[in-house]
Every structure is written in C-alpha cells, then in structure tokens.
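Coordinate-derived values only; no laboratory data. Keep in mind it's a predicted model, so treat the numbers as computed, not measured. Using ideal geometry, Cβ is built from the backbone for each residue, glycine included, and neighbour counts are taken over all protein chains shown.
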Amino acid sequence: MGYSLSAIGTGLAIPFLTIYLHQTVGLTGAQLSLFFAVMAGSGLIANPVAGRIADVAPPVLVLVTALMTQTMGWGLLALVSNAPWAVAAAVVIGTGNGMFFAVQLAAVRLLFDPDALDDLFATQYRLSNLFIAVPQAVLATVALTGNSGWLRTLVVLNAVSFFLFAVILCLLGRDRPPPTAQAPRARLAFAAFRDRRFSPLLLVQFVAIAFCVGPFNTLLPVLMTGYGGMPVAVVAVIFIVNPVAVVLVGGFGKRYVRRHGERSALLLAFTGFAASGLVLVAALLLDGPASIVAYLLYSAVFAIPEVLLAPAVQPLAARLMPDHSAGRYSAALSLMYGVGLLVGPPTFLLLQSMNTAVAVVLLIAAPLISLPTVVRLPRHEPDLQRA
C-alpha cells in the first residue's frame, strides 16, 4: 500500500516536474540544470550518512525520517515562486531521496520475510511503471496547457503520498519486535566494496543502470528526434509502450527468479539488454513507418530484461549483506545506482554527439562484457515449491 501511494504521487508529479518548474515557477534552462544537479548531489551526499545511521538507529526509523523529509521538500516546492527557494526545495527533496534509497533495503528486510522480497520488489517496479504510464497517457493535456493550479496540485499530491507512506511504515514497524543484539559493526567505511561476495553485485548494479536502463531514458529520445527526425508526439507514444509492457510482463520476472534463482535471472537480463540493442540497430537503419514500428518493438522488448532486475538484485543483496552492517551495504547498493545514473547517460549522450555507431555498439557490448561478473555472484537455490 505504501509503495502504491508513493508510486501514484511520483508518477503524477515527476513527468511534469520540468514543465512545472519552467512554466509555473519560472526557472530558466540554466536554473533547471542547477535544480536537478543540486537534487542529485544532495542525494549522493545523504546516501552514505543515512547508511551509517541505519547501522546504529532502527532502519525503519531512518526510512520514516526520509519520507517525512520528502514530504517537506515537495510541500515546499509546491509553494515556491522563484529560483532560490526552488533550489532549497531541491536540497530537501534530494536529501530525502538519498536517505530513502540508502536504507530502503535494510528496513524492508526487517519488515518482511526474505522469501517475499522478490514478490515485493517485482510488484513495486510494476506499480511504479503503471503510475508513470497513466499520467503520461491521460494527463498530458494538463502539462500542455500549463495550468499552474493543476501542476501545483500534482506536486502537493506527491508530498501527501510520501506522508501517507511514512504513516503506513510506522504502523508496520509498531508490530515488529525490537532487534536482537548484533555483532560488532564493521569499522571499514567501504566494507561492502571490499566484500568479495557482495562487490560483484555492486558492479552489476552500476552496469545495469549506467549502460542499460539509464541510456534508455536519455539516449533513446535523442536518437528518435535528432537522428530519426520523429515528432515529439510519436516519441511520447513509443515511451508509453515501455511501462505498459513492464506492467504486462512483470509477473514473468518474478516467476523466473523463483524457478531459476537470482544469478540466472541476471544472466538472462544482461543478455536481453544486449539483444534488445539489435532491435535498436534495426530501428536506426530503417526509415518511415518501419522505423517507428522497430522503435515500438524495442521499447516493448526492453521491458523483459527490466522486469528480471527488480526481483533479482535487491533480494540477492538482502541475502548477502551482514546484519551488523545492513545499513551501509544497502547504502552502497543505492550509491552504485546513483553513480550509474550520474555516469552513464552523460557518457552516452557525449558519444552519440560524436559518433552514433560507437554509442550503440557500447550499448550492446557493455552488458555482454559484464556477464563474467554476473557469473561470480553466489548462486541461490530457487524455492521450487513457491515457483
């Protein structure tokens, strides 16, 4: 329920955030860049701090604090009318976002049965995509009209969704017994990166975001509008296909993990990312309606490896992280996600501006080159009864 509420709020607000900041608040292009840079930077700074706190304080309490911080940040953003206050809101939102994803896994593994995590994260990913597709398809007219009342309402709804999520977490945590005594905590700040069993998963997380998921959301629009010359309306339709496909095939990822285990699912996912790149090559080579069809197919096929990541990466991390350093391990996994977003998309955009072929080849080669790292992950025997 909590994930559903936050997915609804974020799904309504995020697609229109740039439009709200530009049309309603009045931010210029440079100020928009500053807003998102500050928000991302605040999250990266808050990430390791939150992880260390979660190893001392209850992770659920840190998660609730993160959600309340998000509530305040989005509430402030709904009230701002100038750039300085918008940047201040970006600091608060980024801090809450960094805290949330840093300790999310550490908290969830205490609240739920470990065998239920694949179902939880698969459902979370499907919900987030559902509530991205709906506003893009249904509320597009709101963004186009620039109605400030509607746009501010979406921002307020996002703040309310985070508050309700925090309330639900408090109710869940109230029924849980206090944690038992733990072993001495690791003193190394980078313990997760030194862990030979866990560090390959950190690299897998980075590659999946930097070279697979991230470029899909940033490089693809440039290829379709700049290289392919497609109208923005067609691009919007192509992008809607992906979250819809994720919702439709999301159950496949969960069932595959239960039958074959996380490592096998990640091997298939990385192979699938590379194979989907071949469909992108076809879309680039074709012209007219055939090219549009190929892009639609690429957007749909890309959903298959996507739905294998959610029920594989987080549950495997939960099994590998030690109880006494769960906060720092969870933060390390989240940090690699953030670094992947920070490094991957700009790299691909730069390569595309110089040579489109090089960018596309890297898109196909990177997941294949990473397969030996996936093989190094510990194998977990699937629960055939649950499958």
For a quick protection proxy, order the peptides 311-318, 354-361 by their average other-Cβ count within 10 Å, most packed first. 311-318, 354-361
If you wrap a convex hull around the alpha carbons of the range 270-387, what volume per residue comes out, as a whole number of Å³? 126 Å³
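If you stretched the chain out fully between Leu278 and Leu368, how much longer would it get, using 0.36 nm times the residue separation minus the C-alpha to C-alpha distance?
Here the answer is 31.1 nm.
Does the range 194-375 come out rounded, prolate or oblate by the C-alpha gyration tensor, with a ≥ b ≥ c the root eigenvalues, rounded set by a/c under 1.5 and, if not, prolate when a/b is larger than b/c and oblate if not?
Prolate.
Which of the chymotrypsin sites (Phe, Trp or Tyr not before Pro) across the range 281-361 are loop residues per DSSP, with 14 or fewer other Cβ within 10 Å?
Sparse-neighbourhood loop chymotrypsin sites (Phe, Trp or Tyr not before Pro): none present.
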